[in-house]
Amino acid sequence: MRIAVTTSILRIPPTYFVVDHAERLAARHEFRVFALAADVRDENVTVGVHDASPTRVLPFRYRMPLAPLALPLMARAVRRYHPDLVHQHFATWCTPAASVARALSVPMITTLHGYDVMLADRPARSALERWHRHNLSAATQTSARFLAVSEFLAATAVHAGFDSRRVHVHYQGVDTEYFAPAAPGPESDAHLDERPVVLFVGGLSPNKGPHDLIGASRRLTGTVEHQLILVGTGPLADELAADTAADKHIRLLGALDRTQIREWMRRATVVVLPAQEHRGRREAAGLVLLEAQACGTPVVAYASGGTPEMMLADCTGLLVPERDARALASAIGTVLRLEHSEYLRMAYAARDFVHTRRSLSLSCVELDEHYAAVADT
């Protein structure tokens, strides 16, 4: 089949999930990705990406606000491609995908990632949110299936009014060939040779809970030797930098590329995701937990949204109640204090869980089955 993968804003890194499946399934189908604005900086991405922005000569940060101007241009580009199936990521900004699917009488699948579902579950509060509701309506009318990235998100979608008969759970999965433990050698034993690394990877924003993690790390200071590394950028970056300036064991590294993130995950003793409710939204999945476990690194997380589905509690890591910073500190301390044999058991279980139940390979098999099912209707 010829498949058009459509989305709004595409930045790689970090949004590899838009292209990962297409690259893996390239031997079975022909894919092209279409975006209102795209910024692909990883030369290893091989799938074709069409940037519909009429202002491609401008830096990406200037093109993003102008992305709505590209809606009709993207629709025309997708139609010229003449796909047999349209796969839209996010139910927002989906009008180009929906209009082409209807015009060509081809099936459309929409992957729900979280923000789109949360918008459907509350009244529109602004002109932009009313526009998003218009797009949600288009997705609902056109999509043969909705693929939710977790059981949590699927249940939330049904509660918000999505047709339960068309909502299916499809875990995105991570590449367990790329995210894998380091080969035997100094790097694979890095956590044994220095202060243990407690690692955070994600947006420095309230919903990701960096304040809670910093507070938990401070609770452990003087009782459990460690260093806290935060990777990512976001609206809280300056505030957190100022707040931790006197904490010698805390480092903010800013944005890193995929290879650098993998190396830190391999080096870390534990990866922590204290994601929490913020303005009515919760983490839909938490792929960073899967990436860490695929590298053989145990995880600690708040039991919030879809994050519990990204690990096996008390086996590949520890879950604690949402917003309980004291429990978060205790769980991190527990992992840091594990005897080496106990730690290895948790690390092996983490790798096995992702490899056998949350891998990109398995996710691709399931996605191909969804493609075949809607193509046959």
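I need the full set of residues from segment 114-123 which are closer than 19 Å to Thr15 by Cβ and either touching a helix residue (DSSP H, G or I) at 6+ places or on another chain (Cβ under 6 Å) or surrounded by fewer than 24 Cβ atoms within 10 Å (Cβ to Cβ) (or both), in order please.
As a first pass, look at segment 114-123 and keep what is closer than 19 Å to Thr15 by Cβ: 114-119.
Hits for segment 114-123 are Gly114, Tyr115, Val117, Met118, Leu119.
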Review point. Among the residues of segment 85-101 satisfying the criterion of being modelled with pLDDT of 95 or more and among the hydroxyl-bearing types (Ser, Thr, Tyr), which is nearest to Leu136 (Cα to Cα)?
Key: Thr95
Review point. Residues of segment 315-339 being part of a loop (DSSP other than H, G, I, E, B) and touching a helix residue (DSSP H, G or I) at 6+ places or on another chain (Cβ under 9 Å), which ones?
Key: Cys315, Thr316, Pro321, Arg323, Asp324, Leu338
Point to revise | All positions within segment 350-377 that are assigned to a helix (DSSP H, G or I), surrounded by 19 or more Cβ atoms within 10 Å (Cβ to Cβ) and touching a helix residue (DSSP H, G or I) at 6+ places or on another chain (Cβ under 9 Å) | key: Ala350, Arg351, Phe353, Val354, Leu360, Ser363, Leu367
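Within segment 12-100, considering only strands (runs of 3 or more DSSP E) that don't extend past its boundaries, which have at least 2 residues that are crowded, with 16+ Cβ neighbours inside 10 Å and small (Gly, Ala, Ser)?
30-40
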**Study point:** Filter result for Leu328 (in the same structural domain as Ala284 (by the TED database) and in contact (Cβ under 8 Å) with a residue 40 or more places away in the chain)
**Key:** yes
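Counting only residues that are assigned to a loop (DSSP other than H, G, I, E, B) and among the aliphatic types (A, V, I, L, M), which one in segment 152-184 is nearest to Leu289 (Cα to Cα)?
Initial filter on segment 152-184 (assigned to a loop (DSSP other than H, G, I, E, B)): 160-166, 170-173, 175-184.
The next check asks that each one be among the aliphatic types (A, V, I, L, M); those that pass are 160, 180, 182-183.
Values: Ala160: 27, Ala180: 13, Ala182: 17, Ala183: 21 Å.
Looking at residues that are assigned to a loop (DSSP other than H, G, I, E, B) and among the aliphatic types (A, V, I, L, M), I get Ala180.
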Point to revise | Those residues of segment 101-110 which are surrounded by fewer than 24 Cβ atoms within 10 Å (Cβ to Cβ) and not hydrophobic (A, V, I, L, M, F, W, C), in sequence order | key: Arg102, Ser105, Pro107
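Yes/no per residue for (1) under 20 Å from Ala183 (Cα atoms); (2) within 19 Å of the chain's Cα centre (by Cα):
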residue	(1), (2)
Gly286	no, yes
Val300	no, yes
Ala313	no, no
Arg323	no, no
Ser341	yes, no
Ala347	yes, no
Point to revise | Residues located in segment 262-310, provided they are part of a helix (DSSP H, G or I), closer than 17 Å to Val320 by Cα and touching a Lys or Arg at 6+ places or on another chain (Cβ under 8 Å) | key: Met310
Check your understanding: Residues in segment 15-30 that are out of contact with any His (no Cβ under 8 Å at 6 or more places or on another chain) and either charged (D, E, K, R) or in contact (Cβ under 8 Å) with a residue 40 or more places away in the chain (or both): how many?
Key -> 9
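Hey, any hits in segment 278-285 for a residue that's touching a Leu at 6+ places or on another chain (Cβ under 6 Å), at pLDDT 95 or above and either surrounded by 15 or more Cβ atoms within 10 Å (Cβ to Cβ) or at positive phi (or both)? Before the answer, list the steps.
Of the residues in segment 278-285, the ones touching a Leu at 6+ places or on another chain (Cβ under 6 Å) are 284.
If we keep only those that are at pLDDT 95 or above too, we end up with 284.
Still in the list and also either surrounded by 15 or more Cβ atoms within 10 Å (Cβ to Cβ) or at positive phi (or both): 284.
Yes, some residue in segment 278-285 is touching a Leu at 6+ places or on another chain (Cβ under 6 Å), at pLDDT 95 or above and either surrounded by 15 or more Cβ atoms within 10 Å (Cβ to Cβ) or at positive phi (or both).
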**Study point:** Arg281 farther than 15 Å from Ala180 by Cα and among the basic types (Lys, Arg)
**Key:** yes
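The values are calculated or read from the model by the stated rules, or taken from the named source; none is laboratory data. All values reported here derive from a predicted model rather than from experimental measurement. Note that we place each Cβ from the backbone using ideal geometry, even for glycine, and neighbour counts take in every protein chain shown.
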